[in-house]
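The block underneath contains the structure these notes are about, expressed in structure tokens.
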Amino acid sequence: MTHDDIWNNDSPVRDILDIDVPSWIDQDISCADIIAICEGGCASGAYMPAVTYHAVSDTMSRDGDDVLQYIDDQMGELPQPPRDSGWSALACFYLSYAVELWASAAMSELEGLEA
């Protein structure tokens, strides 16, 4: 698969490559989405399900333990959230953090396919 085939493709990444997409990430996430997340982070609007309170609340209610475990597995500990964060802001902080970690790992895996 060429560089253009990978990065200029809006198809779900799980359909074009064998990359595991966690249940707490939109299963239709594309390579273009992964690039946008890595370049600007979730807060830039690159991945709205991690910054929209209603979506975050649903995801964290359903998969919050897995999200926090993923961060802990990757980093060895949970990062400190910003001071004076309310519940919704905490949920957004940790989900965004996990999505950005996953996107970074997925991007590394995708870049390895180009070689």
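None of the figures in this text is laboratory data; all of them are computed from the coordinates on show. Quantities reported herein were computed from a predicted structural model and do not represent experimental measurements. Please note: Cβ atoms are built from the backbone with ideal geometry, for glycine as well, and neighbour counts cover all protein chains shown.
State the three equivalent ellipsoid semi-axes of segment 63-111, derived from the C-alpha gyration tensor as the square roots of 5 times its eigenvalues, in descending order and whole Å.
Working: eigenvalues 92, 24, 19 Å².
That gives 21, 11, 10 Å for the three semi-axes.
Say R0 is 30 Å: what FRET efficiency, to the nearest 0.05, do SER104 and ASP84 get from their beta-carbon distance?
0.60
Over the chain, what is the relative contact order in percent, taking alpha-carbon pairs closer than 8 angstrom and at least six residues apart?
29 percent
Name the residue farthest towards the positive end of the dipole of the chain from the options SER85, ILE35, GLY45, assuming +1 on Cβ of Lys and Arg, -1 on Cβ of Asp and Glu, about the Cα centre.
The residue sitting farthest along the positive end of the dipole is SER85.
Give, rounded to the nearest 20 debye, the magnitude of the charge dipole that the chain has about its Cα centre when Lys and Arg contribute +1 at Cβ and Asp and Glu contribute -1 at Cβ.
480 debye
Cα convex hull of segment 1-109: how many Å³ per residue?
99 Å³
Give me, ordered by chain and number, the residues 5 or more places off SER30 or on other chains with an amide H under 5 Å from its own placed amide H.
VAL13
Which distance in nm do the two modelled labels at TYR53 and GLN74 give, with both placed 7 Å along the Cα-to-Cβ direction?
Rounded to a tenth, the inter-label distance reads 2.6 nm.
Per the helix-only calculation at 222 nm, which mean residue ellipticity applies to the chain, given -39500 (n - 2.57) for every DSSP H run of n ≥ 4 and division by its residues, nearest 500 deg cm²/dmol?
Helix contribution divided over all residues of the chain: -19500 deg cm²/dmol.
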